[in-house]
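Structure, as structure tokens:
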There are 2 protein chains.
Amino acid sequence: MLTIGSLAKKTGTKVQTIRYYEQIGLMPEPGRTEGGQRRYENAELDRLSFIRHSRQLGFSLDAIRELLDLSDHPEKSCDEADAIARRQLRQVEQRMARLKALRTELKRMVHECSGGRTADCRVLEVLRDHSECLTEHDDIGA
Amino acid sequence: MLTIGSLAKKTGTKVQTIRYYEQIGLMPEPGRTEGGQRRYENAELDRLSFIRHSRQLGFSLDAIRELLDLSDHPEKSCDEADAIARRQLRQVEQRMARLKALRTELKRMVHECSGGRTADCRVLEVLRDHSECLTEHDDIGA
DNA sequence: TTACATCCTCTAGCTACTGTAGATTCAAGC
DNA sequence: GCTTGAATCTACAGTAGCTAGAGGATGTAA
């Protein structure tokens, strides 16, 4: 029987976050003491660990909802779980590619700036003039 | 004299986003027609381009506010602009490192999953058991 | 003049939390 | 049994950076 505070500590989660997960139906409503405080069992500890670990891997709460659902049905095919993970992997790879391009341009900006007045600042100049830019006119997304 | 719609098209911004930038004071209040519609000049086009380009490089709106301020004062030292860019570069590099770790673990999950019942699904198993995980108990951030 | 695209303001919604206020409960020490 | 202080409770507001929609006004071309 864990209080919400010790559950939080064990999983590296904030207390409010646990309550939030309950509110959106990701965590079940736990038992309560007579005074109305939440008390958790090991099953809930496992579930929360699953959620947190998935979040650390960047899965969205919606994806996690699906994964938990799959996890609750051991007889189902695991293709779906696999697909979700692959989708996530693709996303991570896309973001990495994007960040790589950003890094290149930022490095260029910083290295070329020799210090002095902002009038001659290479950083500001690059930001002003989009034409010398490698980055495209598309979504920003992290 | 540009309408908000053509300014939006020229800069790859949504109309609402431009109005949002105005609302938070990132864009100035433009002139209006008698009927109350916004009309923009080239200065505003330049400013919005600067903002969008900076956003594409991942700068926060707060950072952009500082950069714009520096850009408006050509006699100031450009150290500050340089510092902002360096900070941004560091952030990008941190995120990349983080994503690299994620990619490794996701790849492992996906490659080890041989298909079958979710009961034996490697993906779900890894998510359940945090102990075999490389990722740390820290912030998720992107 | 009439049609229709574009514009206006205002409000609410998105993700995934985080923080605060003010009241209540729990557990330990005396 | 009583007190104290930490932890908990609910409810609501706020974060970043937009995005979407309602319901109405304006601008422009035929």
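Going by the conditions given, is residue B:69 at the interface with chain A (Cβ under 7 Å from one of its Cβ atoms), farther than 30 Å from residue A:69 by Cβ and more than 10 Å from DNA strand D (Cβ to nearest atom)? Break it down into steps so the answer makes sense when it comes.
On the way: at the interface with chain A (Cβ under 7 Å from one of its Cβ atoms): no; farther than 30 Å from residue A:69 by Cβ: yes; more than 10 Å from DNA strand D (Cβ to nearest atom): yes.
In short, no.
Could you look through the range A:102-130, keep only residues that are closer than 12 Å to residue B:82 by Cβ and small (Gly, Ala, Ser), and pick out the one that is farthest from the other protein chains (Cβ to nearest Cβ)?
A:114
Identify the residue in the range B:11-66 that is polar (S, T, N, Q) and more than 10 Å from DNA strand D (Cβ to nearest atom) and, among all such residues, is surrounded by the fewest Cβ atoms within 10 Å (Cβ to Cβ).
This residue is B:42.
For every residue, the table says whether it meets (1) in contact with a strand residue (DSSP E or B) (Cβ under 9 Å, 6 or more places away or on another chain); (2) in contact (Cβ under 8 Å) with a residue 12 or more places away in the chain; (3) more than 16 Å from DNA strand C (Cβ to nearest atom).
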position	(1), (2), (3)
A:23	no, no, no
A:38	yes, yes, no
A:65	no, yes, no
A:85	no, no, no
A:95	no, yes, no
A:109	no, yes, yes
A:118	yes, no, yes
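Out of the range B:3-19, which residues are out of contact with any Leu (no Cβ under 7 Å at 6 or more places or on another chain) and either in contact (Cβ under 8 Å) with a residue 60 or more places away in the chain or more than 8 Å from DNA strand C (Cβ to nearest atom) (or both)?
B:9, B:12, B:14, B:17
Would you tally the residues in the range B:76-95 being outside any helix (DSSP H, G or I) and of a type in the set (D, E, K, R)? Explain how you work it out, then say what you get.
Narrowing the range B:76-95 to residues outside any helix (DSSP H, G or I): B:76-78.
Adding the requirement that they be of a type in the set (D, E, K, R) leaves B:76.
Selection size over the range B:76-95: 1.
Would you check if residue B:52 is away from DNA strand C (no atom under 16 Å from the Cβ), in contact with a helix residue (DSSP H, G or I) (Cβ under 8 Å, 6 or more places away or on another chain) and in contact (Cβ under 8 Å) with a residue 12 or more places away in the chain?
Details: away from DNA strand C (no atom under 16 Å from the Cβ): yes; in contact with a helix residue (DSSP H, G or I) (Cβ under 8 Å, 6 or more places away or on another chain): yes; in contact (Cβ under 8 Å) with a residue 12 or more places away in the chain: yes.
So residue B:52 passes the test.
Filter the range A:78-99 down to residues that are within 7 Å of chain B (Cβ to nearest Cβ) and surrounded by fewer than 16 Cβ atoms within 10 Å (Cβ to Cβ), then give me how many there are.
2
With respect to residue B:43, is the statement that it is modelled with pLDDT of 95 or more, aliphatic (A, V, I, L, M) and away from DNA strand C (no atom under 16 Å from the Cβ) true?
Numbers: modelled with pLDDT of 95 or more: yes; aliphatic (A, V, I, L, M): yes; away from DNA strand C (no atom under 16 Å from the Cβ): yes.
Against the criterion (modelled with pLDDT of 95 or more, aliphatic (A, V, I, L, M) and away from DNA strand C (no atom under 16 Å from the Cβ)), residue B:43 qualifies.
The values are calculated or read from the model by the stated rules, or taken from the named source; none is laboratory data. Nothing here was measured: the structure is a model prediction, and the numbers come from that model. Virtual Cβ from ideal backbone geometry, glycine too; neighbours counted across all protein chains shown.
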